[in-house]
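The structure under discussion appears below in the form of structure tokens.
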Amino acid sequence: MADIFDEIDEELKKDRAQLLWAQYGKYVIGACMAVVLAVGGYQGYNIYSTNQIEKAADLYHTSLKADDVISSLNNNVDELTDGYKMLARFQIAAAEARAGDYVAAQASYNALAEDKNIDPLYRQFAQLLSVMNAPADASAQSLQDRLAPLIGAAGTWQGLALEQSAGLDLQTGKIDAAKAKLEQIIKLTEIPQSLRQRAQRMLDILNA
């Protein structure tokens with residue numbers, strides 16, 4: 001008799017399981033499919049991203065080896081990922097400066113400095129380079145104005161900005177202003193030793 005009840009109980013369990021599956025099976029299948037699609041999509045995106053980065057790296061380095069680096073980078077810049085695109089734009093500006101086209105170099109660096117899609121650290125670097133590569137006839141005051149935000153805030157580029165500003169002061173005969181900035185450089189703690197030594201040597205010369 002016990003065996004009969006066990007069989008009936010087993011049948012009832014099967015019936016309940018079938019009923020539950022009939023009611024909720026589609027949701028279980030849907031959930032499983034969502035997980036599979038999510039995992040597949042994530043892996044697919046990673047593969048796509050890796051391929052894009054590798055393609056951008058190859059294109060970037062190939063452009064740097066071209067006879068006309070500026071033209072090659074300009075032609076390929078839109079095909080690059082964001083990081084390599086920024087590097088390419090810095091390389092274009094540097095190549096323009098090496099070629100003696102300081103008007104173009106300054107414009108390229110200014111465009112980088114004003115691009116809000118770029119990390120502020122690199123925008124500030126571009127702003128500094130726009131001064132360092134300015135044309136010879138550029139207004140000293142306009143260059144000082146460009147350096148002012150970098151000088152006024154502690155940061156990676158403050159020391160170099162002060163050095164450039166001191167150089168501009170010397171060009172315009174503002175010796176005391178130049179000395180004050182050189183002294184400020186020497187007091188900075190987080191700067192390269194070479195920069196501190198240059199400032200000290202220049203200050204010694206001015207005080208001699």
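Quick note: the coordinates plus some simple rules give every number you see, no bench work behind them. A quick note: this is a predicted structure, and the numbers were derived from the prediction, not measured. Neighbour counts are summed over all protein chains in view; Cβ atoms, including those assigned to glycine, are modelled from backbone coordinates with ideal geometry.
Observations, loosely collected:
- Neighbourhood charge, 13 Å Cβ-Cβ cut-off, centred on ALA208 and excluding it, Lys, Arg +1 and Asp, Glu -1: +1
- Within region 96-150, all pairs of alpha-carbon atoms sorted by distance into 5 Å bins from zero give the percentages 4, 23, 31, 24, 13, 4, 0.
- Protection proxy ranking of 95-105, 189-199, 65-75, by the mean of other Cβ atoms within 10 Å over each peptide's residues and highest first, is 95-105, 65-75, 189-199.
- Considering region 49-208, its Cα convex hull presents a mean projected area of 10.8 nm².
- Built amide H within the under 5 Å cut-off of ASN133, gap 5+: none
- In this rough spin-label picture, where each label sits 7 Å from Cα along the Cβ direction, the THR189-ALA111 distance is 4.1 nm.
- In region 104-144, Cα pairs under 8 Å separated by at least six residues give a relative contact order of 43 percent.
- Full-extension gain in nm, ALA177 to SER142, via 0.36 nm per residue minus C-alpha separation: 10.9 nm
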